[in-house]
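S.K.: Take this structure first; my questions come after.
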Amino acid sequence: MIQRITLIAASVALGCLATLVPVFTSLYVANKDVQRRDRLELSEFADKAVMRTDLVTYQAIAALSDLDREPGAPCSPSNLEQAARVIYNYRYVQDAGTYADGHYLCSPLLGDVRNQDLTLPPPDYRSNDGYLVWFEQKSPLSDVRKDIQMGRDGHYVSIDPGSYVDLIDPARRPIAVVQITTGRLLAISAGADPDDMLNAWKHSGNVKSDEWNYAVAHSSTRPLGVVVMSPRSSVAGDWPKLLAAWLTIGVFAGAALGWLAYKRVSRQLSFPATLHWAISRRKIDVVFQPIVRLADNQCAGAEALVRWTLNGRAISPEVFVRVAEDNHLIQPLTDLVLEKTIAQLGKLLTANPSFYVSINVSGEDLQSFRFLNLLTASLNGTGIAPAQIRIEATERSFMNAEATRGFIAAFRAAGHPIYIDDFGTGYSSLSYLQTFEVDVLKIDKSFVDTIVQDTASSVVAPHIISMAHELGLQIVAEGVESGAQVTWLRDKGVQYGQGWYYAKAMSAGDLAKWLGKHRMPREANSMPAM
Ligand code: C2E
Ligand code: MG
Ligand code: MG
């Protein structure tokens, strides 16, 4: 039972594994796929952000060059007009003006401030090609606002840092722009952490984080770069888009494998497999039905009948014996019946040398010496005489006449009487009785049922009986259920009867008790004629 439970558990576990492994593999693959897509999307976004950086910077440079082209004197009307045009033309330029010696001079927004002493500190950065940059220059017009200011040859332009990072992005992913030479932040989206962004920049975006992905991009024209970040999407989060496809594949693969596992389990647990298990675990029992001498109502012997109870239900031997025959299980089944019969009836048989037990065998048992050898070996040293173990074979097992004849003779030669079981129900009846040497004929219950009735088939039993007499065979009537049948059979010279009229099949212990009432003391018993 434990082995069977282990088998079921193993198969179920296999089934679960077969279902779960593809699902989890799909989850893993889907997760990897989501991560790959995440990174790709973010890297594309970083490229867009750096394009904006280039565009804004390009506008600042172009604006400065436009200011430089105006030949008029600093802060002259034409000079201020040109500055106004520049502000108008370049979207990202907020103000454009003139400075000298660390002071603002004028701009369209400031007006002429030459007398106001508005200082301009030294720039934060000077490029090789002569541009000056103030990263966070406080506007003279506001206490709060700080601009990026770019200057060259006495002209400057102011740019709102927000211009660098206000890309239209429904996901609102944070952006930071870094001046590469100084490593300083030029602009950053509202809410993003400057230290975090600079750290990501320093590590080229390869920052370990469970929540965020980072990507960087470099400008191809200026020493500028961008860092962008976006929340990592989990597989569950992206379920509708990506996981659906992967999980569907996983579930189908899992279901297919689970189904295969289920098939395997059910094959393992099929009826023949269960029977095999029951035989090998010796879960099959034997009961004994008395065979009674009609002349004096004394029990002469018993027939061993196999019994199998599966999950509390008795399975008919008619069913499982046939299954055993069809699945090469009949030999181990016969062996088990023999083993249990000797174990349970051995004492009774040795104590009553005239008492016998008949064992049902199948065709396979009669087509080699295997069972005969086992039988001989099993009796060796037990004190049980060969004549006490009799062999019942149905007509079916005689069908392969050539293969069987010699072995039947061998059983008889070894001292085991041969009974033909269920006589009259098989294919051949009379013809083989002459070719096989047998000892006893058991008239099938279906004929015994008819003997005291006036039916068409009631003529068969008298025929069988007279034929058996002619051939010198003893007769056992099977399935005797009434006293009338007994009287009839006795009158016709039938020697033995077996049936519920006398007793149903019973355990060895019950048989011993039953025999106490239905069998004369040993000394008074005569050996049954053979
Ligand atoms: P069988 O060898 O002809 O056994 C006689 C069957 O008739 C038994 O059924 C027995 O219980 C039943 N029976 C006996 N007296 C009466 C009665 O008065 N009324 C009724 N209605 N039935 C009666 P069982 O035990 O169900 O066995 C059925 C068949 O299964 C056996 O028929 C035999 O062919 C086969 N079988 C049983 N045990 C073994 C075995 O150990 N080995 C093999 N190969 N076949 C077996
Ligand atoms: Mg039988
Ligand atoms: Mg029978």
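The values are calculated or read from the model by the stated rules, or taken from the named source; none is laboratory data. Every value quoted in this text rests on a predicted model; they were computed, and no experiment measured them. Note: ideal-geometry Cβ built from the backbone for every residue, glycine included; neighbour counts use all protein chains shown.
S.K.: Return yes or no: is residue 310 over 34 Å from the mean Cα position of the chain (by Cα), surrounded by fewer than 19 Cβ atoms within 10 Å (Cβ to Cβ), away from ligand 3 (no atom under 16 Å from the Cβ) and in the same structural domain as residue 481 (by TED's automatic domain parsing)? Talk me through it step by step, then tell me what you get.
M.R.: Working: over 34 Å from the mean Cα position of the chain (by Cα): no; surrounded by fewer than 19 Cβ atoms within 10 Å (Cβ to Cβ): yes; away from ligand 3 (no atom under 16 Å from the Cβ): yes; in the same structural domain as residue 481 (by TED's automatic domain parsing): yes.
No.
S.K.: Is it the case that some residue within the stretch 251-261 is in contact (Cβ under 8 Å) with a residue 12 or more places away in the chain and either within 16 Å of ligand 3 (Cβ to nearest atom) or assigned to a strand (DSSP E or B) (or both)? Give the derivation first.
M.R.: Restricting attention to the stretch 251-261, the residues satisfying the condition of being in contact (Cβ under 8 Å) with a residue 12 or more places away in the chain are 251, 253-255, 257-258, 260-261.
Restricting the remaining residues to those that are either within 16 Å of ligand 3 (Cβ to nearest atom) or assigned to a strand (DSSP E or B) (or both) gives none.
Taking every residue of the stretch 251-261 in turn, none turns out to be in contact (Cβ under 8 Å) with a residue 12 or more places away in the chain and either within 16 Å of ligand 3 (Cβ to nearest atom) or assigned to a strand (DSSP E or B) (or both).
S.K.: Continuing with the same structure: Name the residues in the stretch 301-320 that are within 15 Å of ligand 2 (Cβ to nearest atom) and touching a Pro at 6+ places or on another chain (Cβ under 8 Å), would you?
M.R.: 301, 302, 305, 306, 307
S.K.: Another one. Quick check on this structure: which one of 372, 333 is surrounded by fewer than 22 Cβ atoms within 10 Å (Cβ to Cβ) and part of a helix (DSSP H, G or I)?
M.R.: Values: 333 fails: surrounded by fewer than 22 Cβ atoms within 10 Å (Cβ to Cβ).
Going through 372, 333 in turn, just one is surrounded by fewer than 22 Cβ atoms within 10 Å (Cβ to Cβ) and part of a helix (DSSP H, G or I): 372.
S.K.: Here is a follow-up. Quick check on the stretch 343-354. Is at least one of its residues among the small types (Gly, Ala, Ser), in a helix (DSSP H, G or I) and more than 23 Å from residue 300 (Cα to Cα)? Please lay out each step first, then the result.
M.R.: The first filter runs over the stretch 343-354 and keeps only residues among the small types (Gly, Ala, Ser), leaving 343, 346, 351, 354.
Add one more test, that the residue is in a helix (DSSP H, G or I), and what stays is 343, 346, 351.
After this cut, where a residue has to be more than 23 Å from residue 300 (Cα to Cα) as well, the list is none.
No, that holds for no residue.
S.K.: Out of the residues in the stretch 445-457 that are modelled with pLDDT of 70 or more and not in a loop (DSSP other than H, G, I, E, B), which is nearest to ligand 3 (Cβ to nearest atom)?
M.R.: 445
S.K.: Of the residues that make up the stretch 427-444, is at least one more than 21 Å from residue 289 (Cα to Cα), modelled with pLDDT of 90 or more and out of contact with any helix residue (DSSP H, G or I) (no Cβ under 9 Å at 6 or more places or on another chain)?
M.R.: Checking the stretch 427-444: not a single residue is more than 21 Å from residue 289 (Cα to Cα), modelled with pLDDT of 90 or more and out of contact with any helix residue (DSSP H, G or I) (no Cβ under 9 Å at 6 or more places or on another chain).
S.K.: Here's something else I'd like to know. With the requirement that a residue be in contact with a helix residue (DSSP H, G or I) (Cβ under 7 Å, 6 or more places away or on another chain) and assigned to a strand (DSSP E or B), what does the stretch 152-187 give you?
M.R.: Selection gives 152, 155, 157, 159, 175, 176, 177, 178, 185, 186, 187.
S.K.: Taking the stretch 494-519 only, how many residues are within 16 Å of ligand 2 (Cβ to nearest atom), assigned to a loop (DSSP other than H, G, I, E, B) and of a type in the set (A, V, I, L, M, F, W, C)?
M.R.: Selection size over the stretch 494-519: 3.
S.K.: Is at least one residue of the stretch 263-285 within 16 Å of ligand 1 (Cβ to nearest atom), closer than 30 Å to residue 483 by Cβ and not in a helix (DSSP H, G or I)?
M.R.: Looking for residues that are within 16 Å of ligand 1 (Cβ to nearest atom), closer than 30 Å to residue 483 by Cβ and not in a helix (DSSP H, G or I), one finds none in the stretch 263-285, hence no.
S.K.: From the list 441, 433, which residue is of a type in the set (A, V, I, L, M, F, W, C), under 60 Å from the mean Cα position of the chain (by Cα) and assigned to a strand (DSSP E or B)?
M.R.: Details: 433 fails: assigned to a strand (DSSP E or B).
After ruling out the rest, the residue left standing is 441.
S.K.: Still on this structure, I have one more. Of the residues 406, 383, which single one is modelled with pLDDT of 95 or more, more than 16 Å from ligand 1 (Cβ to nearest atom) and surrounded by fewer than 19 Cβ atoms within 10 Å (Cβ to Cβ)? Break it down stepwise before answering.
M.R.: Values: 406 fails: modelled with pLDDT of 95 or more.
Criteria check complete, one pass: 383.
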